[in-house]
1. Output the number of residues of the stretch 96-128 satisfying the condition of being crowded, with 16+ Cβ neighbours inside 10 Å and within 29 Å of the chain's Cα centre (by Cα).
2. If you go through the stretch 264-313 one residue at a time, how many are surrounded by 18 or more Cβ atoms within 10 Å (Cβ to Cβ) and under 14 Å from E248 (Cβ atoms)?
3. Which of the strands (runs of 3 or more DSSP E) found entirely inside the stretch 67-128 contain at least 3 residues meeting this: in contact with a helix residue (DSSP H, G or I) (Cβ under 7 Å, 6 or more places away or on another chain)?
4. Which one of these is in a helix (DSSP H, G or I), out of contact with any Phe, Trp or Tyr (no Cβ under 8 Å at 6 or more places or on another chain) and either free of Cβ contacts under 8 Å to residues at least 12 places away in the same chain or not assigned by TED's automatic domain parsing to the domain that holds R297 (or both): L255, L278, L261?
5. Report, ordered by the first and then the second residue, all pairs with beta carbons closer than 8 Å, sequence separation of six or more or different chains, a first member in the stretch 103-118 that is assigned by TED's automatic domain parsing to the domain that holds T12 and under 27 Å from P59 (Cα atoms), and a second member that is at pLDDT below 85 and of a type in the set (D, E, K, R).
6. Restricting attention to the stretch 117-168, which residues are more than 30 Å from I216 (Cα to Cα) and among the polar types (S, T, N, Q)?
7. For R30, only one of the following conditions fails: (1) in a helix (DSSP H, G or I); (2) within 27 Å of the chain's Cα centre (by Cα); (3) surrounded by 14 or more Cβ atoms within 10 Å (Cβ to Cβ); (4) at pLDDT 90 or above. What is its number?
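The values are calculated or read from the model by the stated rules, or taken from the named source; none is laboratory data. Computed from a predicted structure; not experimentally measured. So basically every Cβ, Gly included, is an ideal-geometry build from the backbone, and we count neighbours across all protein chains shown.
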Amino acid sequence: MMEANFEYVFPTIRGVQAGAEHYVSMCPLRLIPRMFLFNEIEMVPELRAQRQLNRARLPEIARYITDNAADYVFSAITASVDGSVRFQAIGSGEKESRMGTLHIPMDARLIINDGQHRRAAIDMALQERPELGDESIAVVLFVDKGLKRSQQMFADLNKYAIRPSRSLGILYDHRDDRAELARLIVTRSPLFGAVVEMEKSNLAKRSRRLITLSAIYTAKSALLSGTELKAGDDRADRAIEYWTAVAEQFKEWALVQQNDLKASEVRQDYIHSHGVVLHALGRVGCSLFKHAPKDWRKRLRCLKSIDWRRANKKLWEGRAMVGGTVSKRQLHVTLTTNAIKAALALPLTEEEQATEAEFTGNANAKKA
């Protein structure tokens, strides 16, 4: 609220970090775009205290707020106050002295150190849903000590921030129907239950898991692309049916399930459990459902005729591997798809044909 002496007054909790006071308060969303500044003028990095605003991210964040108005969650915005502030405690006791009101002159600048994209997205969301303006967000305020300190705050706030793995994001995301479907496939399939890594998106060399949840998510999306099935259970049943049939072609997968073979040995010696192949198999399955709806299981038996060993560089080098290392790039997904389709006598799309022609042409040129 504003008082007659032209101050913003926030109910506040006072704390101390590194010997300096800082303040935690709540701010109505409608005031966030007005009060908290982000210098959007093009400046060289050394004269800024934040990263440049990535406007491409804003619509997605704003939609997150408006589409989930009943249960969205935002972490606190961190800002520096460039001006004189006055904290008035509610009492003199140990607890009472930490709580009170923070008085900020209206001519002071409140510059965001962390949360500029949240600020801009809130502004965008309020244009569509102005009623959200009465809701609030936590704000952590520091007294500004100049550009050098602000830059250090940004570096410190982001130094140890680690984005959760894609698999963990899929596991915990209950808004995304596609994530829900991936979890259904894992929990209902007798194939995946014991061999899927649910938390990490990259498997350690000695991991006992064979496949990651994120790889299943991607492969499942490719498999069901363009499908007429709408219900989640029907889509899950189709996917489980397909992947169960695929697993029957790879005896190594069964040996891992039976604890007769280590998952690490399979990943080391073969490529058929790696993300690039799973993604490709998803695309192949989509093609099978379209071109061989009645005998797709029979066609899948041809997977056994493929030499899936890493040592088979004649087939996989340049397609699924680069310099002996498995690659998940889209180019290599397409080239791997092409190799599998050739073994299953499936037609290539125009895009796949173009990619194959370029790859074959380059390979022949190198031989020449």
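1. Of the residues in that region, 16 qualify.
2. So the answer is 7.
3. On the way: elements: 77-82, 86-89, 99-105, 109-114.
Once the strands (runs of 3 or more DSSP E) in the stretch 67-128 are filtered for at least 3 residues that are in contact with a helix residue (DSSP H, G or I) (Cβ under 7 Å, 6 or more places away or on another chain), what remains is 77-82, 109-114.
4. Details: L278 fails: either free of Cβ contacts under 8 Å to residues at least 12 places away in the same chain or not assigned by TED's automatic domain parsing to the domain that holds R297 (or both); L261 fails: in a helix (DSSP H, G or I).
After ruling out the rest, the residue left standing is L255.
5. R109/D82; R109/D144; L110/D82; I111/D82; I111/D144; Q116/R51
6. We begin by selecting, within the stretch 117-168, every residue more than 30 Å from I216 (Cα to Cα); these are 117-159.
Within the stretch 117-168, Q127, S136, S150, Q151, Q152, N158 meet the criteria.
7. (2)
So that you can scan it fast, the table gives a plain yes or no per residue for (1) outside the structural domain of R63 (by TED's automatic domain parsing); (2) touching a Ser or Thr at 6+ places or on another chain (Cβ under 9 Å); (3) among the β-branched types (V, I, T):
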{"site": "V139", "(1), (2), (3)": "no, yes, yes"}
{"site": "S189", "(1), (2), (3)": "yes, yes, no"}
{"site": "G193", "(1), (2), (3)": "yes, yes, no"}
{"site": "I211", "(1), (2), (3)": "yes, yes, yes"}
{"site": "S214", "(1), (2), (3)": "yes, yes, no"}
{"site": "E241", "(1), (2), (3)": "yes, no, no"}
